[in-house]
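One structure below.
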Amino acid sequence: MDVISVIRTKRDRGRLSDEQIDWVIDAYTRGHVADEQMSALAMAILLNGMDRAEIARWTAAMINSGERMDFSSLPRPTADKHSTGGVGDKITLPLAPLVAACGAAVPQLSGRGLGHTGGTLDKLESIPGWRASLTNAEMLDVLSSAGAVICAAGDGLAPADKKLYALRDVTGTVEAIPLIASSIMSKKIAEGTGSLVLDVKVGSGAFMKTLEDARELASTMVGLGTDHGVRTVALLTDMSTPLGLTAGNALEVRESVEVLAGGGPADVVELTLALAREMLDAAGLRDADPAKALADGSAMDVWRRMIAAQGGDPDAELPVAREQHVVHASTSGVVEVVDAYAVGIAAWRLGAGRARKEDVVQLGAGIELHAKPGDSVVAGQPLMTLHTDTPEKFAYALAALDGGVLVGAPGASFEPKPIVLDRIA
Ligand code: URA
């Protein structure tokens, strides 16, 4: 087998054989295929696609590149969720303890932000003392004692995906449905969860800009999960505007704690409950009532136990950025657009995200929205506050917001978009 013939097969729109796929994933993981060769293959896959059987084999090869975890010793059914990434998407923070409070075990392996989408681990690291890296034994301990754990995937889990994802990120080959589906599902299947709910984001702030592409991605992932014995369901959810009122690490933790305390923005609560119901249903816990667990404080109790078990102080003050800049409405009217991509890029420029993996994020940086689509505003009213430790970035962030916030005529009618756009099982 040689890598050039594998690249040529896909370049010429052929099907990769099982042997080609197994060989190239194994050889790349071991360093026998060079990054430039794998990037040529990734680009050929992006341009020419893969059929379902190729995607299934590619996913299996990535799972087999590393270890598989096993939570079958736990007395509770396991349930996990994965979001394809968005702006202000802090849902994992209230969701994992909420679902645990309702009786499931939630092993939530999460990632860091790259580009305009935030990462759950970066958000949680704004809690003083909290540790993202756990050994497998520590992960099992937190899961047993708190019911939920949110941590980084260890190096042993799908190492082929770790290498390939980093390569795709710098070669313009992230947005390929076969590569996204196999990347996400290889990690989730190797993690050993019994059931999985996928939150596939659609809109300007998501990888998938159209419902059609999002449906294709969702049904590919649901098929992969089901074939591997994981009960998998996907919700397609709106990412045309940020979720909630905050984008940025500590700002989002604060908002998540509000949700766990029974408050928080309506869209965050609605999506948290919709995903919780799906997870509990997939885990066979159909009688559980997540709305009650939010209201009676039991989800908050799990949150506090989970944060403390990972070294964090749930009562500690969260970091606050040194400088703020308020953007005011220039006219009166109804807010028509707060564009997720524009807000995500602006938050990233303020320091909330990283451009390269080794960059350090500013924990207090980000954007706080004071108005969302459908709200009426008067000229001079604050629309948003920008937070950063590096005020020289304000102009750069404001440039990203240019055209991303639109205020229409006073009294203009506004048709709110539903958050959950479709369900694929
Ligand atoms: N998240 C992943 O884990 N992989 C992708 O390819 C895209 C989003």
Subject >> Members of the range 406-421 found to be touching a residue at least 40 places away in the same chain (Cβ under 8 Å), assigned to a loop (DSSP other than H, G, I, E, B) and closer than 22 Å to Glu212 by Cβ, listed by number >> reply: Lys417, Pro418, Ile419
Original post:
Considering Leu211, Leu196, which residue is touching a residue at least 40 places away in the same chain (Cβ under 8 Å) and either within 13 Å of the ligand (Cβ to nearest atom) or within 29 Å of Gly312 (Cα to Cα) (or both)?
Top reply: Leu196
Original post:
How about the range 175-193: which of its residues are more than 8 Å from the ligand (Cβ to nearest atom) and β-branched (Val, Ile, Thr)?
Top reply: Ile177, Ile189, Thr193
**OP:** Taking Glu216 as the residue in question, decide whether it is in contact with a helix residue (DSSP H, G or I) (Cβ under 9 Å, 6 or more places away or on another chain) and under 20 Å from Val87 (Cα atoms).
**Re:** no
**OP:** Considering only the range 51-84, state which residues are surrounded by fewer than 24 Cβ atoms within 10 Å (Cβ to Cβ) and over 24 Å from Glu138 (Cα atoms).
**Re:** Asp51, Arg52, Ala53, Glu54, Ile55, Ala56, Arg57, Ala60, Ala61
Subject >> Number of positions in the range 155-174 that are charged (D, E, K, R) and within 12 Å of the ligand (Cβ to nearest atom) >> reply: 4
Subject >> Those helices (runs of 4 or more DSSP H) lying entirely in the range 3-118 with at least 2 residues within 14 Å of the ligand (Cβ to nearest atom) >> reply: 35-48, 52-63
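The numbers here are math on the coordinates, done by the rules we state, and not lab data. Predicted model, so just to flag it, every value in this text is computed and none were measured. Neighbour counts are summed over all protein chains in view; Cβ atoms, including those assigned to glycine, are modelled from backbone coordinates with ideal geometry.
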